[in-house]
Amino acid sequence: MSAAQSKAKNVRGKRVAPAAHLNDVPRLRVEDMTPDAPLGVAELKQFSAADFEAWCLRGEDFRRRLSAAVIAALRPAHVWRVDFEQGGEWGGVCPVHLRFTHKACDQIIIDVMSAGPASPYWNGLLWVNTGSTGLYCWNEDGFDPGSITGLLERIDALVSAGRTQPVDIASVLWRGGPHA
């Protein structure tokens with residue numbers, strides 16, 4: 001019996017189809033995507049840090065489209081104003097750099113930054129001193145809209161409960177509340 005045949009048997013001795021390996025799943029190739037290719041949640045979840053960077057290196061129109069696709073995937077609540085970096089005005093370090101400002105409290109600003117050359121992770125930065133001091137309050141291995149939306153919902157719950165100082169919100173988030 002070959003090694004492949006042996007692996008195809010379960011514990012009771014019956015033959016079963018071997019499990020598909022992750023390597024068997026065709027991987028999205030950013031360089032093969034056309035400018036009008038679909039860019040939904042499924043595609044964004046497959047992007048690696050290098051893929052995000054490769055997409056953005058195609059030009060500002062591609063970068064704007066990528067940022068717009070991420071915003072569309074997140075569907076942020078109406079309590080947030082959303083902006084995205086264009087032309088490197090916030091440093092140009094991350095392929096996708098979104099800024100969420102709470103409409104009820106202008107000093108609550110969260111930057112969500114994609115994986116890219118500076119970091120292999122998606123990161124959330126809460127500004128405690130607008131423009132000068134920020135605290136990382138979240139990170140994730142890949143694009144996970146539920147995780148980002150969950151962070152925004154937790155922050156909105158804190159603002160709704162009367163916490164309007166970024167440092168107070170950062171403290172609660174670091175301690176795992178509310179509803180971490």
(request) For the stretch 117-180, just say rounded, prolate or oblate: build the C-alpha gyration tensor, square-root its eigenvalues into a ≥ b ≥ c, call rounded for a/c under 1.5, and beyond that prolate if a/b exceeds b/c, oblate if not. (result) oblate
(request) Using the Karplus curve 6.51 cos²θ - 1.76 cosθ + 1.60 with θ = phi - 60°, work out ³J(HN,Hα) for each residue of the stretch 88-100 in order, rounded to whole Hz, and write x for Gly and Pro. (result) x, 5, 10, x, x, 7, 10, x, 10, 9, 9, 10, 10
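Using r as the Cβ-Cβ distance of ALA37 and GLU60, and R0 as 30 Å, what FRET efficiency do you calculate, to the nearest 0.05?
Values: r = 18 Å, r/R0 = 0.59.
Computed FRET efficiency for ALA37 and GLU60: 0.95.
Any read-out appearing in this document is the output of simple, stated calculations on the displayed coordinates, not a laboratory observation. These numbers were taken from a predicted model, which means no experiment stands behind them. Note that each Cβ is placed from the backbone with ideal geometry, even for glycine, and that neighbours are counted across all protein chains shown.
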